[in-house]
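**Student:** Here it is: the structure, laid out below.
Just so it is clear, none of the values below were taken in a lab; they were calculated from the coordinates. This structure is a prediction, so every number in the text was calculated from the model and none was measured. Quick reminder, even Gly has a Cβ in these numbers, built from the backbone with ideal geometry, and neighbours come from all protein chains shown.
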Amino acid sequence: MPELSKRTETFTDSVIRRMTRISNKYGAVNLSQGFPDFEPPRELLDRLAEVSNEDFHQYSITWGAQNFREALAEKQSRLMGRRIDPNAEIVVTCGSTEAMMAAMMTVANPGDKVIVFSPFYENYGADTILSGAEPIYVPLYPPEFNFDPNELEAAFRQKPKALILCNPSNPCGKVFTYDELKIIADLAEKYDTFVITDEVYEHIVYAPHKHTYFASLPNMWERTISCSSLSKTYSITGWRLGYIIAPPHIIDVAKKVHDFLTVGAAAPLQEAAVTGLRFGDDYYRQLTYKYTEKRDLFLKGLDDIGISHTIPQGAYYVLLDISEFGFDSDLDFCEKLAEKVGVGAVPGSSFFRENVNHLIRLHFAKKNDTLNEALNRLSQIKKLKL
Ligand SMILES: Cc1ncc(COP(=O)(O)O)c(C=O)c1O
């Protein structure tokens, strides 16, 4: 038999999705893969039911249904502080996952370098490899996960084509401050580099932290490819709706890549999601309130059990320090945690370039009852000590 493609040899399947399968195997409370177990907003579900009897069952326009792009442009214009053109500056994709991949393929040639902060969302590793690019990793240092501007500039000196910015960040929960973003922006301008953002947690930010859209910084619109999605904002990870927002000449190319990757996102789901895109500011305030409550409940529970952890500024993940348990492998620890304690987690090593084995990631996008059950189980965690 002929060999399979070389480019697939250098990465494994997703550890995050694998941990979901392991959680299911042991009947664990799955706090590994980040998706809610509560319902999406009722209005979206009601609209989805109606849409099934309307005329939305064939391909939408490849770069997104007109209705969806107009509603999205209106919402994002309000938030990003500039008028987004729904016809020239948006491509609707199958989640931010496709948006990021299409963005990478839009800007990077094989051999181009791309800056990735570490820790990073694991998809970026595969995205760079699949697009032929080569990552330059720049560490984020705990506890605030700050970068060293000198190290960042050293990475820029290697003439990268783009920098990937996950803000708010999965897994470390960092929300980049305006000043930090300005350092990145100045370097992007100085070294003439694109910035590809992943802002899927733009509405899940805890006070006093604030989300700043990178594209809204002075002179950054021209070089920013903003990727995001409806998955987390409306609790609809299974609908696979995301988008790219960028200047028209970049969108023209992204449209081509997207067209040949997927043709388009699901037409009936785009139509139903318009209802969410048209929500007023109150919806986003309530979402923040809901997640703040969950974060506080979960972190207090972890404190009561006596496990040291990060304090997320945004997104819905927390990293737990498992050094005291004496495991050499965080993957083994996560297997044991699912099997013996009944909670699914992701080994931190899948997010770090550096050799990090003492962290695991849990998420708290779950009903309070589910979180309480997980905490109840986690109260037995010390029995895993070797
Ligand atoms: C940082 C980040 N980007 C992208 C995604 C995937 O988003 P989507 O469902 O829009 O593909 C996730 C999912 O967990 C994520 O954490």
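**Student:** Does the stretch 64-74 contain any residue that is more than 16 Å from the ligand (Cβ to nearest atom), assigned to a loop (DSSP other than H, G, I, E, B) and closer than 14 Å to residue 265 by Cα? Working first, answer last.
**Tutor:** So the first thing to find is which residues in the stretch 64-74 are more than 16 Å from the ligand (Cβ to nearest atom), and the list is 65-67, 69-71, 73-74.
Retained after the next criterion (residues that are assigned to a loop (DSSP other than H, G, I, E, B)): 65.
So of that shortlist, the ones also closer than 14 Å to residue 265 by Cα come out as 65.
Within the stretch 64-74, one or more residues are more than 16 Å from the ligand (Cβ to nearest atom), assigned to a loop (DSSP other than H, G, I, E, B) and closer than 14 Å to residue 265 by Cα.
**Student:** With the requirement that a residue be hydrophobic (A, V, I, L, M, F, W, C) and within 16 Å of residue 84 (Cα to Cα), what does the stretch 209-248 give you? Let's see the steps before the verdict.
**Tutor:** We begin by selecting, within the stretch 209-248, every residue hydrophobic (A, V, I, L, M, F, W, C); these are 214-215, 217, 220-221, 225, 227, 230, 236, 239, 241, 244-246.
Scanning the stretch 209-248 gives 214, 215, 217, 220, 221, 225, 227, 244, 245, 246.
**Student:** Next question, about the same structure. Looking at the stretch 76-140, what strands (runs of 3 or more DSSP E) fall wholly within it and have at least 1 residues that are of a type in the set (Ser, Thr, Tyr) and within 16 Å of the ligand (Cβ to nearest atom)?
**Tutor:** Here the list reads 90-93, 113-118.
**Student:** Just to be sure before I move on: is residue 250 assigned to a strand (DSSP E or B) and away from the ligand (no atom under 11 Å from the Cβ) in the structure I sent? Before the answer, list the steps.
**Tutor:** Working: assigned to a strand (DSSP E or B): no; away from the ligand (no atom under 11 Å from the Cβ): yes.
When the stated conditions are applied, residue 250 does not pass them.
**Student:** Could you check, for the stretch 284-298, whether at least one of its residues is within 16 Å of the ligand (Cβ to nearest atom) and among the hydroxyl-bearing types (Ser, Thr, Tyr)?
**Tutor:** Among the residues of the stretch 284-298, at least one is within 16 Å of the ligand (Cβ to nearest atom) and among the hydroxyl-bearing types (Ser, Thr, Tyr), which makes the answer yes.
**Student:** Go through the stretch 124-149 and give me each residue that's farther than 14 Å from residue 98 by Cα, surrounded by 17 or more Cβ atoms within 10 Å (Cβ to Cβ) and among the charged types (D, E, K, R).
**Tutor:** None - no residue of the stretch 124-149 is farther than 14 Å from residue 98 by Cα, surrounded by 17 or more Cβ atoms within 10 Å (Cβ to Cβ) and among the charged types (D, E, K, R), so the list stays empty.
**Student:** If you don't mind, there's one more thing I want to ask. Go through the stretch 130-155 and report how many residues are in contact with a Lys or Arg (Cβ under 8 Å, 6 or more places away or on another chain) and acidic (Asp, Glu).
**Tutor:** Residues that pass the stated criteria total 2.
**Student:** Return yes when residue 28 is surrounded by fewer than 23 Cβ atoms within 10 Å (Cβ to Cβ), in contact with a helix residue (DSSP H, G or I) (Cβ under 9 Å, 6 or more places away or on another chain), farther than 30 Å from residue 141 by Cβ and aliphatic (A, V, I, L, M) and no when it is not. Outline the logic, then answer.
**Tutor:** On the way: surrounded by fewer than 23 Cβ atoms within 10 Å (Cβ to Cβ): no; in contact with a helix residue (DSSP H, G or I) (Cβ under 9 Å, 6 or more places away or on another chain): yes; farther than 30 Å from residue 141 by Cβ: yes; aliphatic (A, V, I, L, M): yes.
So residue 28 fails the test.
**Student:** OK, next. Please determine, by comparing only the residues of the stretch 71-91 that are buried (at least 16 other Cβ atoms within 10 Å of the Cβ) and free of Cβ contacts under 8 Å to residues at least 60 places away in the same chain, which one is nearest to residue 272 (Cα to Cα).
**Tutor:** The selected residue is 73.
**Student:** Considering only the stretch 263-293, state which residues are surrounded by 19 or more Cβ atoms within 10 Å (Cβ to Cβ), closer than 30 Å to residue 311 by Cβ and of a type in the set (D, E, K, R).
**Tutor:** Listed by number, the list is empty, since nothing qualifies.
**Student:** Give the residue that is farthest from the ligand (Cβ to nearest atom), with candidates limited to residues of the stretch 199-231 that are surrounded by 23 or more Cβ atoms within 10 Å (Cβ to Cβ) and within 14 Å of residue 277 (Cβ to Cβ).
**Tutor:** Top of the filtered list is 202.
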